[in-house]
Amino acid sequence: MHSISRRPRWAIRLAAFIGVLMALLTVAPGSLGAKAWADDSSAGSVKGKTFTIATDTTFAPFEYRDAKGNMTGIDMDLIQSIAKSQGFKVNIKSVGFDAAVQAVQSKQADGVIAGMSITDERKKAFDFSDPYFASGIQMAIKKTDTSIKSYADLKGKTVVAKTGTESLTFAKSIASKYGFSVKALDKADTMYSEVNTGNAAAVFDDYPVLAYGIKQGNGLKVVTAKEAGASYGFAVLKGSNAALLAAFNTGLEKMKSDGSYHKLLVKYLGENAPADDASVAGVKGKTFIIATDTTFAPFEYRDAKGNMTGIDMDLIRAIAKQQGFTVQIKSVGFDAALQAVKSKQADGVIAGMSITDERKKVFDFSDPYFDSGIQMAVAKDSDIKGYADLKGKTVVAKTGTESLTFAQKNASKYGYTVKALDKADTMYSEVNTGNAAAVFDDYPVLAYGIKEGNGLKVVTEKEAGASYGFAVLKGSNADLLKAFNAGLSGMKTDGSYQQVLDKYLKAPDSDSEKSDGFLALLTESFPALMKGLAMTVAATALSLLIALVLGVVFGFSKVSGVRILSGIASVYVAIFRGTPLLVQAFFFYFGMPTVTGQKIDVFTAGVLTLSLNAGAYMTEIVRGGIQSVDPGQMEASRSLGLNWLQSMRKVIVPQAVKIMTPSFINQFVISLKDTSILAVLGFAELTYQGQQIIARNFRSFEIWIMVGVIYFIVIYALTTLSNFVDRKVNK
């Protein structure tokens with residue numbers, strides 16, 4: 001009875017303990033989770049708070065007062081929408097631009113949004129949000145004026161621009177070139193009045209401000225295309241209000257994604273609003289394989305750490321992030337990139353690819369993202385100053401490019417001959433060594449090469465060229481193309497597109513030419529070269545292992561005396577010894593997926609190619625080794641009562657292996673060197689890595705010395721090791 005009466009109490013206590021424990025486990029994680037969420041989430045840390053936001057008063061359409069006296073405009077709607085989505089409130093203080101900036105610096109306000117350009121100088125005092133609008137400068141004249149159509153018509157006239165703005169800086173920068181004078185004023189309405197009354201011939205101003213003024217009937221009209229300007233950003237005092245800044249970025253990204261940001265721009269800018277950049281639902285969460293070139297700096301090349309970088313790479317990654325998909329970059333060379341898309345090994349290609357009518361038959365192109373052009377460069381110490389100085393000389397241009405077409409088109413006119421080459425570094429070397437007088441190339445590629453110290457100088461103005469576009473196979477991946485266009489539009493809107501261009505295409509600084517010595521170059525290049533060497537050794541080892549199995553199987557088949565096995569082995573050997581390794585590589589990487597619809601990665605295709613090719617030679621080595629053993633050995637072993645298999649295993653093969661070993665070592669060396677052929681597929685082995693480094697710094701002589709020395713050391717060491725093993729095993 002005792003035991004019966006005590007069990008309920010024990011059970012009750014245990015149940016109570018478990019209940020308390022469960023309650024703690026239930027509550028504690030929730031508390032901790034809530035705390036962690038509050039700490040990590042910007043939205044959580046600003047939720048419920050009220051922030052004072054300072055702004056300008058007269059910068060329509062970004063901030064101004066409507067008929068009822070309420071603050072309105074793009075900036076006002078933007079900050080209010082973001083505050084609502086992120087759960088905080090704003091108290092708008094309209095105090096004028098300078099006062100708004102000072103209010104934040106004196107901590108009278110938490111942030112400022114006032115069409116504020118993001119500049120390096122301001123970054124010293126403020127932390128900026130992601131850019132939310134890319135401005136630009138345009139010139140406007142009186143609506144009834146028909147005499148001025150461009151800057152060239154301003155000679156002897158006066159123009160006006162706003163004090164302290166990019167427009168004023170731009171107007172002053174071209175004033176002497178076009179022969180006009182510049183007058184600075186501090187208000188938009190005053191500037192417009194100056195033009196309407198004839199005191200000034202034109203006004204330079206931010207294009208959205210001009211567009212809004214014209215829409216409101218200020219009596220002007222725009223007569224020039226938009227010049228690139230700075231981007232606007234929301235700002236807080238440096239080192240403070242990080243959560244508010246993060247919440248702004250989160251809210252801005254959300255508005256861009258759901259299309260509400262674009263609707264906001266349309267509301268105030270009408271037809272001048274940039275194109276819609278809302279996310280395309282069909283690509284969200286997906287991963288796309290994007291093929292690209294390998295050696296077209298500054299659009300795509302590898303940095304010192306071996307990572308793909310350049311304008312195209314930054315562009316596609318930024319667009320993917322903005323549109324909510326991921327990309328897997330395949331750097332395979334230009335021709336191979338096109339083939340990869342055709343064979344559906346890749347979903348799209350971005351490789352500084354000109355949009356041409358011929359290519360449009362095969363590919364669907366995005367909106368153009370870069371307008372290229374052709375320039376001529378000569379050796380730095382050359383006296384050549386223009387096309388007229390090329391008579392009787394030789395020039396070089398890249399195969400299959402517009403530059404080559406342009407050079408050939410003008411060859412007879414200026415009396416020079418044209419030589420086509422397939423790589424930029426080779427062309428530049430031809431000019432530097434005096435084998436060619438000049439090189440014709442795309443101007444951004446030339447500019448990057450000069451910046452990297454290729455020893456050339458540009459001597460002609462830019463000739464008009466084609467535009468570059470992102471491409472997919474015709475009739476496929478329409479959502480990907482649509483997402484690219486939307487993302488590109490978004491980047492142009494917020495100014496991040498211009499930032500990418502500036503990052504790679506800033507004018508070369510003659511005082512900062514590269515002067516690194518050989519050791520510095522070796523130190524910088526060593527990690528990438530070792531990465532390539534590891535890939536070379538891995539592919540060689542795996543290929544030889546498979547090839548050895550194939551060689552043994554087909555080698556024994558050839559000497560088996562069974563006709564069908566011997567026939568199969570002979571056909572295999574004939575095919576893989578009778579066709580070039582490069583053709584086999586293209587067949588497995590591009591041909592097989594086209595036929596089977598099954599994608600093959602470049603490593604698998606490379607190993608498959610090397611294995612089957614080396615296996616054919618191994619087959620002949622095995623056959624030759626076995627047949628080199630005196631036939632009397634087989635007859636003697638069979639006469640002693642051994643069957644065919646026992647005779648082979650105990651008598652013939654041990655002798656044959658000694659004969660085969662030198663040939664095996666030789667095939668090992670050949671296979672290791674053959675991996676370099678796979679560089680055309682973008683297989684990142686040693687030669688490929690060398691090409692990538694040269695594409696970046698144009699120092700081909702030093703890099704090829706390094707690559708050659710590495711090959712020699714590795715092959716010599718492995719050959720010595722193989723010979724040592726051979727002596728030990730086969731003595």
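Under the simplified labelling scheme, the Lys187-Ile670 pair shows an inter-label distance of 8.7 nm, with each label point 7 Å from Cα along Cα→Cβ. Inverting the pair-averaged 1/r between distinct Cα atoms of region 564-633 gives 13.6 Å as its Kirkwood hydrodynamic radius. The 1.4 Å probe gives accessible areas that order Ser639, Ser94, Ser366, largest first, as Ser639, Ser94, Ser366.
Could you give the size of the charge dipole of region 136-229 about its Cα centre, using +1 on the Cβ of each K and R and -1 on the Cβ of each D and E, expressed in debye and rounded to the nearest 20? Can you show the working numbers first?
Values: 13 positive and 9 negative charges, 48 e Å.
For region 136-229, the charge dipole is close to 240 debye.
Could you report region 383-455's accessible area per residue, 1.4 Å probe, as an integer in Å²?
Working: 3290 Å² over 73 residues.
Per-residue accessible area for region 383-455 comes out at 45 Å².
For region 505-642, what is the per residue volume of the convex hull drawn over the alpha-carbon atoms, in cubic angstrom?
Details: hull volume 28.3 nm³, N = 138.
Output value, Cα hull per residue: 205 Å³.
Only helices enter the 222 nm calculation for the chain: every DSSP H run of n ≥ 4 contributes -39,500 (n - 2.57), and dividing by all residues gives -17000 deg cm²/dmol, rounded to 500. For region 222-256, the residues whose amide N sits under 20 Å from a probe point set 7 Å from the Cα of Lys155 along the beta carbon direction are 224.
Report the calculated FRET efficiency for Lys385 and Ile174 (r = Cβ-Cβ distance, R0 = 41 Å), to the nearest 0.05.
Numbers: r = 25 Å, r/R0 = 0.60.
E between Lys385 and Ile174, to the nearest 0.05, is 0.95.
Surface composition of region 376-465: carbon and sulfur atoms hold 48% of the protein heavy-atom accessible area at a 1.4 Å probe.
Distances between placed amide hydrogens fall under 5 Å for Phe88 paired with Gly48, all partners being 5 or more residues away or on another chain.
Residues of region 644-682 with amide nitrogen under 20 Å from the 7 Å Cα-to-Cβ point of Val537? The answer is 665-679.
By the compact-protein rule of thumb, 2.2 N^0.38 Å, the alpha-carbon radius of gyration of region 518-730 corresponds to a ratio of 1.22.
Cα gyration tensor of region 376-465, axes a ≥ b ≥ c as square roots of the eigenvalues: rounded (a/c below 1.5), prolate (a/b > b/c) or oblate? It is rounded, given that a/c, with a ≥ b ≥ c, falls under 1.5.
Mind putting a number on the dipole of the chain about its Cα centre? Charges go on the C-beta only, +1 for Lys and Arg and -1 for Asp and Glu, and I need it in Debye to the nearest 20. Mind showing how you got there, number by number?
Numbers: 80 positive and 67 negative charges, 459 e Å.
Its charge dipole is roughly 2200 debye.
Database remark: amide H of Leu220 closer than 5 angstrom to the amide H of Lys143 (H placed geometrically; neighbours at sequence offset of 5 or more, or on other chains; Pro and chain starts carry no H). Computed from backbone phi, the HN-Hα couplings of region 304-319 come to 4, 8, x, 8, 5, 9, x, 4, 4, 5, 5, 5, 5, 5, 5, 5 Hz, rounded to whole numbers (Karplus: 6.51 cos²θ - 1.76 cosθ + 1.60, θ = phi - 60°; Gly and Pro given as x).
Of the heavy-atom accessible surface of region 518-730 (probe 1.4 angstrom), what whole percent is carbon and sulfur? Within region 518-730, the accessible surface is 71 percent carbon and sulfur. Within the shell of other residues whose beta carbon sits under 9 angstrom from the beta carbon of Glu620, the net charge comes to +3, with Lys and Arg scored +1 and Asp and Glu -1.
Direction-averaged projected area, Cα convex hull, the chain: 55.1 nm², rounded to one decimal.
If the viscosity is 0.890 mPa s and the temperature 25 °C, what translational diffusion coefficient in µm²/s does Stokes-Einstein give for region 136-229 when Rh comes from Kirkwood over Cα pairs? Spell out each step's value before the answer.
Values: Rh = 12.7 Å.
This corresponds to a translational diffusion coefficient of 194 µm²/s.
Net charge of the neighbourhood of Val362, taken over other residues with C-beta under 14 Å away and scored Lys/Arg +1, Asp/Glu -1, is +2.
Would you please name the trypsin sites (Lys or Arg not before Pro) within region 130-163 that are DSSP coil residues with at most 10 other C-beta atoms within 10 Å of their C-beta? Don't jump to the answer; show the numbers that get you there.
Working: sites: Lys142, Lys143, Lys149, Lys155, Lys157, Lys162; in loops: Lys143, Lys149, Lys155, Lys157.
Listed in order of number, the matching sites are Lys155.
Projecting the Cα positions of Ala605, Ile546, Gly217 onto the charge dipole of the chain (unit charges on Cβ atoms of Lys, Arg, Asp and Glu, taken about the Cα centre) puts Ile546 furthest along the positive direction.
Let me check I've understood the local charge: for Gly229, count other residues with C-beta under 14 angstrom from its C-beta, Lys and Arg +1, Asp and Glu -1. What total comes out?
Numbers: positive: Lys162, Lys226, Lys492; negative: Glu166, Asp205, Asp206, Glu227, Asp494, Asp502.
Its environment carries a net charge of -3.
Think of region 323-466 as having a plus end and a minus end, set by charges on the Cβ of Lys, Arg, Asp and Glu; of Val459, Gln328, Tyr414, Tyr414 sits farthest toward the positive end of this dipole. With both labels modelled 7 Å from their Cα along Cα-to-Cβ, the Ile568 to Asp630 distance reads 3.5 nm. Once both labels are positioned 7 Å from their Cα atoms along Cα-to-Cβ, the gap between Gln105 and Leu645 label points is 9.2 nm. In order along region 95-103, the Karplus-derived 3J(HN,Hα) couplings, from 6.51 cos²θ - 1.76 cosθ + 1.60 at θ = phi - 60°, round to 10, x, 5, 4, 5, 5, 5, 5, 4 Hz, and Gly and Pro are given as x.
The values are calculated or read from the model by the stated rules, or taken from the named source; none is laboratory data. Bear in mind that the values here come from a model prediction, so they are computed numbers and not experimental data. As a convention, Cβ positions derive from the backbone with ideal geometry for all residues, glycine included, and neighbour counts pool all protein chains shown. Only protein heavy atoms, including side chains, enter the accessible area calculation; ligands, DNA and RNA are left aside. Shrake-Rupley method; radii C 1.70, N 1.55, O 1.52, S 1.80 Å.
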